[in-house]
Amino acid sequence: PNFGGFAHPYTKLIAGLSMLNNVGIHRFDYLTAIEFNMLEEARDGTETLSYSHRLNMAYAPRNYKKDLRAITQPLLVVAGTADELFFTVQYEPVISRYTDVQVKLLQGVTHMGVAVGLEVRPVVKEWLEDLGKP
């Protein structure tokens, strides 16, 4: 259950916060729900060593189809072709079923590379500039 000691989920806290969320209370979603015991030698400074309840729940949205249908603003999804966690080639065909989306896949960029790499900046800049064009 703790993935060999790597992950330590606070299951009682998660259960309690989930019950509060079910009645519309999200005040405590900032609390740490899972901590990760990553070896020092495996760290490079980009890792996340704990997830808040909010972040943890975002990985498994209850009704992503409904959430995607509710998007009324322009949507850009930027991901890397070398993402180690997700099948990024599926983003466009899945998301476009429910909302208008522009998906940009950056060649050779990893999951964390999208967050910390410089490759994403010109893509986002160009997309933002194009928003104002007719």
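The values are calculated or read from the model by the stated rules, or taken from the named source; none is laboratory data. For clarity, every value in this text was computed on a predicted model and none was experimentally measured. For neighbour counting, all protein chains shown are included, and Cβ atoms are generated from backbone atoms with ideal geometry for every residue, glycine included.
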By residue number, the members of the stretch 111-121 that are farther than 20 Å from Pro74 by Cα and buried (at least 18 other Cβ atoms within 10 Å of the Cβ) are Gly113
All-but-one check, Arg27 against (1) under 16 Å from the mean Cα position of the chain (by Cα); (2) modelled with pLDDT of 95 or more, failing number (1)
Filtering the stretch 81-109 down to residues that are of a type outside the set (A, V, I, L, M), closer than 19 Å to Val124 by Cβ, in contact with a Ser or Thr (Cβ under 9 Å, 6 or more places away or on another chain) and in a loop (DSSP other than H, G, I, E, B) yields Thr81, Asp83, Thr99, Gln107, Gly108
Checked Leu106, Leu68 against criteria (closer than 25 Å to Glu47 by Cβ, surrounded by 15 or more Cβ atoms within 10 Å (Cβ to Cβ) and either assigned by TED's automatic domain parsing to the domain that holds Gly45 or not basic (Lys, Arg) (or both)); the one match is Leu106
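Per-residue answers, yes or no, for (1) out of contact with any strand residue (DSSP E or B) (no Cβ under 7 Å at 6 or more places or on another chain); (2) assigned by TED's automatic domain parsing to the domain that holds His111:
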{"site": "Met19", "(1), (2)": "yes, no"}
{"site": "Arg27", "(1), (2)": "yes, no"}
{"site": "Leu31", "(1), (2)": "no, no"}
{"site": "Phe36", "(1), (2)": "no, no"}
{"site": "Glu40", "(1), (2)": "yes, no"}
{"site": "Gln73", "(1), (2)": "yes, yes"}
{"site": "Gly80", "(1), (2)": "no, yes"}
{"site": "Val94", "(1), (2)": "yes, yes"}
Within the stretch 72-103, restricting to residues that are touching a Gly at 6+ places or on another chain (Cβ under 8 Å) and farther than 14 Å from Thr46 by Cβ, the one that is surrounded by the most Cβ atoms within 10 Å (Cβ to Cβ) is Thr88
